[in-house]
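A short write-up of the structure that comes next.
The values are calculated or read from the model by the stated rules, or taken from the named source; none is laboratory data. Since the structure is predicted, the reported quantities are computational estimates derived from the model, not experimental observations. SASA here: full protein model, heavy atoms, side chains in, ligands and nucleic acids out. Shrake-Rupley method; radii C 1.70, N 1.55, O 1.52, S 1.80 Å.
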Amino acid sequence: MAELATIARPYAEALFKAAAAQAADASEWLDELAAIAGQEQLQAFAADPKVRAEQVFDVITGVMKTSLPEIGRNFLRTVIDNDRVAALPEIARQFRELVNAQRGVADATVESAFPIETAQLADLQGVLEKRFGRQLRLQVQLRPELIGGVRVVVGDEVLDTSVKARLEQMRVALTA
């Protein structure tokens with residue numbers, strides 16, 4: 001995984017510099033490219049030595065719901081020409097981190113055992129923004145195995161207040 005991150009970094013940084021004024025727009029089409037490139041069938045197609053780069057480009061742009069701006073088309077051609085289609089999801093992730101850092105925002109994943117209502121999520125967001133010291137964009141994932149509570153992941157920081165984590169702490173304390 002570290003190798004993929006190393007491969008993706010220069011592409012993410014170059015795109016960030018090239019699309020500085022249009023970073024929000026670039027983030028949207030790059031996320032769509034990443035979702036398409038993350039498909040195993042497309043990766044197998046792109047890796048086939050019989051398939052030309054232009055064919056891969058046509059398939060990807062044909063599947064996209066939005067049209068790529070010129071910078072996006074050039075970026076995609078560069079990625080395809082350098083056989084880095086498999087790195088597109090990681091490129092998108094690193095690009096998003098660069099955009100977030102510029103804006104002072106961070107992506108946060110809130111894992112919950114139960115669905116969270118909008119008002120509760122707004123309250124939770126306020127508490128988490130104070131705790132982490134920056135504005136957060138929350139994405140909620142349901143994980144019933146947590147039993148109750150929430151687990152929040154912001155970058156490499158984790159705040160786990162789930163029942164599952166508390167039970168594990170109790171188990172460790174009792175067996176120590």
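Things to note:
- Unit Cα scatterers, Debye sum, segment 1-88: log10 I(q)/I(0) for q = 0.16, 0.18, 0.24 Å⁻¹: -0.60, -0.77, -1.35
- Whole-Hz couplings from phi, Karplus 6.51/-1.76/1.60, listed for segment 124-131; x for Gly and Pro: 4, 4, x, 5, 5, 5, 5, 5
- Counting only residues at least eight positions apart within a chain, or on another chain, the lysines with an alpha carbon under 30 Å from that of Lys50 are Lys65.
- Accessible surface, per residue, of the chain when the full set of protein chains is kept, probe 1.4 Å, Å²: 61 Å²
- Averaging the sequence gap over all C-alpha pairs within less than 8 Å and six or more residues apart, then dividing by the number of residues, gives the chain a relative contact order of 21 percent.
- Largest-first principal axis extents, alpha carbons of segment 26-176, Å: 60, 36, 26
- Residues with amide H under 5 Å from that of Asp160, placed H, sequence gap 5 or more: Val152
- Helix axis angle, 88-103 relative to the chain longest principal axis, alpha carbon, degrees: 60 degrees
- Angle in degrees between helix 53-63 and the longest Cα principal axis of the chain, rounded to the nearest 10: 50 degrees
- Computed [θ] at 222 nm, helices only, for the chain once each DSSP H run of length n ≥ 4 contributes -39500 (n - 2.57): -19500 deg cm²/dmol
- When the solvent-accessible area of the chain is split by element, carbon and sulfur atoms take up 53 percent of it, the probe being 1.4 Å.
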